[in-house]
Amino acid sequence: MKNHKIWNILGFVLVILAILAGTYVSAVGVGEKHQGSAQNIKLGLDLAGGVSITYEANESNPSAEDMRDTVYKLQQRVGVYSTEAEVYQEGSNRINVEIPGVYNAEEVLETLGNPGTIQFYEASSDSDSGMNLVLDGNDVVNAQVVTEPNEFGNNEYVVRLTFSSEGAQKFEEATARNIDKPIYIVYDGQIISAPQVNQTISGGNCVITGNFTYDQANSLATSIRLGVLKLTLTEVQSSVVGARLGEDAVGTSLLAAAIGFVIVVIFMIAFYRIQGLASGIALALYLVMMLCFLNALDVTLTLPGIAGIILSIGMAVDANVIIFTRVKEEIAKGHTVQSAMKLGYHKALSAILDGNITTLIAAAVLYIMGTGSIKGFATTLALGIVLSMITALFVTRIVMNGFYVMGITDEKFYGRQKEHKPFNFTGHKAIFYLISVIVIGAGLLTMGINGAGSGSTLNYSLDFTGGTSMTVTLDSYVDVTGDGGTALREMIEETTGITDIQLQNVQESNDVVIKTPVLDQSQRTALKEALAQDYGVEDGEITESNISGVVSSEMRRNAVISVVISGILMLIYIWIRFKDFKIGASAVIALFHDVLVVLAVYAVVRIPVGNTFIACMLTIVGYSINATIVIFDRIRENRTLMEGASLEEITNVSITQTFSRSINTSFTTFIMVFMLFVLGVSSIREFALPLMAGIIAGAFSSVCISGTLWCIMKNRGKKEI
């Protein structure tokens, strides 16, 4: 017993030391380069800026299809530098590449090189012809660096190639002809690798070995990926651009997160007493762990990434709330505090695991299918979920055990769950459904009216629609992240009547890049006159062009497909775990209900639908399914405990028992986002508002829609039988 007490105290001390160490590393860093410091976390274009490179197609009058294809493929290829890199078309034959967190354009150009062509050759038996073409970039799907064990059992870097179905057939035939001979990989006219064929390779996959260092393997993989383009591109200009949202966006977001975190901890302590304090300590460790892992994994943090972290904080609180509610319930049943803690963790485990695993499924699908900010969002979300589970299931328990063995054993410090009379949720389902129909119907009606009037059902921003880009040389330097930028933005808004504006400084110059939706001739003329009057800009100091949206049609399609696939996989997982298809179906229906509610908010309030729209919708998907799982976990338990009770009684009791958890979790997550809304810059507020609506919708659908819908499905199933 004495040893058990010592181990609990030791665990408590280690948690405190881990928090202090993590805080030091996050604030100061380690070594001369201050590795691990939060200041070293890579920030995206929206938060920190980066390199902007303009390429021009060598082909004359390239087709729109070839340009779209090249933009999409180049977006995938530049992911080697950052998942948040953006690629968009400028004019009819130019493509812009913007890479965040990099400020040396020459270094990037040297590494990125000229995205030329990639071809695979075999030596010809005919000495006159030299080499025969085996396949080209159109036959290559992907090239990436992986590690595989060599003949001595040691892991080494190799380049794994994936071919299309047609390319796989060509490659299989070529390798069959060239066993013990090389296949020459030619990039832009130069042989970059000549791996020897050891055997016939089928299946559409192969690896290139060669005792590579990571940099060597990465360079080869990058060259192959960049060569898989229909057009040959030449770099015509490059520059370093500043943050789109400005430095204030980072500062206000951090301040909002800090204030929200303090409010959440105070709320948890007020509601759950010593358990709330334990959760505050665990959440502190969660935050410093998150900062350290963002550094270690070299994640590029953007506004959607911040949303993923906020969601994972909400889920970390949610796991604690589920546990603490269970502990209070067990104390109310007459168990001792120590026994209640054991039972509470045991009974909460299934709900926590199921809720987090379903969200991890969504994150995995998004990472595999997504590009750019979607992949970054998936990374931060998955990382946050894993860390939140660790802190909730292990760290909080260690801290609580530490408090207990230090003498805090009285149940008054833990609380006793009050028993509430079950509310008749199933009896009021018609009202709940009517509310949902009205809200969603208002959104659909507004979209119809908008479509009939302006031709656009939603207020699509230039991220989706593209627009006009002007590079303006001002008579003096204006920092677009400060007051000067605010004045410039206001002038543009007053002159053009447009609020969807992106401003970026060009490093070491007085140039400012102004991006807006497409301007008509009168708007362009008015803007040029205002720039001349207020900033002394002459006509020859303005370069303008039309640009495509950074969210391509392929990216939008992939996002939709990702959500659909995620929903199907969640349905299958829930079906297997709960052994009830109708639970999975009602959970997924509630999920899409929340998406439609948020869509209604975008339509009615006319919030610009941009890059963050996809991240917002994906955040709601993850949040909603997690909240619904908790209720169904209690329904599953009560179906065993309440033998002989009707489905309506089981549903009403289950929802009532988890009601405080639903409200408390929604409140804590809402607070985090609300602080972003209050303190954030305008673009962040436009992101936070639909998130808040989604949190409210998620709580409503979990409590009022999902359980009652399941009850209807089960009763109808009985009647059919």
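The values are calculated or read from the model by the stated rules, or taken from the named source; none is laboratory data. Note that the coordinates shown come from a computational prediction; the quantities given were computed from them, not determined experimentally. Here the Cβ is made from the backbone with ideal geometry for all residues, glycine too, and neighbour counts use every protein chain on show. What goes into the accessible areas is simple: the full protein's heavy atoms, side chains included, and nothing from ligands, DNA or RNA. Shrake-Rupley method; radii C 1.70, N 1.55, O 1.52, S 1.80 Å.
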Among (1) 220; (2) 203; (3) 573, the entry that matches volume of the Cα convex hull per residue in Å³ as calculated here: (2)
Sum of side-chain charges, residue 579 neighbourhood, beta-carbon under 15 Å (Lys, Arg +1; Asp, Glu -1): +1
Excluding exposed DSSP-loop trypsin sites (Lys or Arg not before Pro) (at most 10 other C-beta within 10 Å), longest clean stretch of the chain: 34-417
Given 347/421; 328/429; 42/375; 42/515; 181/230, the pairs whose alpha carbons are separated by over 18 Å: 347/421; 328/429; 42/515; 181/230
Residue-count net charge about residue 475 - beta-carbon cut-off 13 Å; Lys, Arg +1, Asp, Glu -1: -4
Simple Cβ-charge dipole of the range 123-239, Lys/Arg +1 and Asp/Glu -1, about Cα centre, in debye nearest 20: 160
Amide hydrogen neighbours beyond the local backbone of residue 460, cut-off 5 Å, H modeled: 609
Whole-Å distance, taken between Cα centres, linking the range 202-239 and the range 576-637: 39
Cα→Cβ-extended label distance, 7 Å offset, between residue 416 and residue 263, nm: 3.3
Length added when fully stretched, residue 156-residue 9, from 0.36 nm per residue minus Cα-Cα: 48.6 nm
When the convex hull of its Cα atoms is projected in every direction, mean area for the range 134-243 (nm²): 9.2
Solvent-accessible heavy-atom area per residue, rounded to whole Å², over the chain at 1.4 Å: 43
FRET efficiency, residue 394 to residue 606 (Cβ-Cβ, R0 60 Å, nearest 0.05): 0.85
Cα pair distances of the range 317-415 binned at 10 Å [whole percent]: 15, 38, 24, 14, 7, 1
Theoretical gain in end-to-end length, residue 194 to residue 293 [0.36 nm per residue, Cα-Cα removed]: 31.9 nm
Ellipsoid equivalent to the range 266-370 - semi-axes via the Cα gyration tensor, in Å: 31, 17, 10
Residue 237-residue 433 FRET efficiency (beta carbon distance; Förster radius 60 Å; 0.05 resolution): 0.60
Phi-based couplings in Hz for the range 668-676 (Karplus 6.51, -1.76, 1.60; Gly and Pro marked x): 5, 5, 4, 4, 4, 6, 4, 5, 4
Exposure of residue 261 as accessible area (Å², to 10), given a probe of 1.4 Å and all protein chains: 40
Low-density loop cleavage sites - GluC sites (Glu not before Pro) in the range 429-535, where at most 10 other Cβ are within 10 Å (DSSP): 508
Calculated P(r) tail over 25 Å for the range 599-711, as whole % of Cα pairs: 32
Simple Cβ-charge dipole of the range 282-430, Lys/Arg +1 and Asp/Glu -1, about Cα centre, in debye nearest 20: 420
Radius of gyration and maximum dimension Dmax of the range 474-599, Cα, Å: 23.5, 71
Vicinal HN-Hα couplings computed from phi for the range 467-472 (Karplus, 6.51 cos²θ - 1.76 cosθ + 1.60; Hz; Gly/Pro x): x, 10, 10, 10, 9, 10
Average projected area [Cα convex hull, the range 407-523], square nanometres: 17.3
12 Å beta-carbon shell around residue 236, net charge (K/R +1, D/E -1): -2
Mean separation of Cα contacts under 8 Å, 6 or more apart, over the residue count of the chain: relative contact order %: 16
Residue 349-residue 16 pseudo-label distance in nm [points 7 Å out on the Cα-to-Cβ vector]: 2.9
Cβ-derived FRET efficiency at R0 60 Å, residue 477 paired with residue 639, nearest 0.05: 0.30
Cα centre as origin, Lys/Arg/Asp/Glu Cβ charges: the chain dipole, Debye: 4880
Global form of the range 422-485, assessed from the alpha-carbon gyration tensor, a/c cut-off 1.5: oblate
Potential extension, residue 564-residue 538 segment - 0.36 nm per residue separation minus Cα distance: 4.3 nm
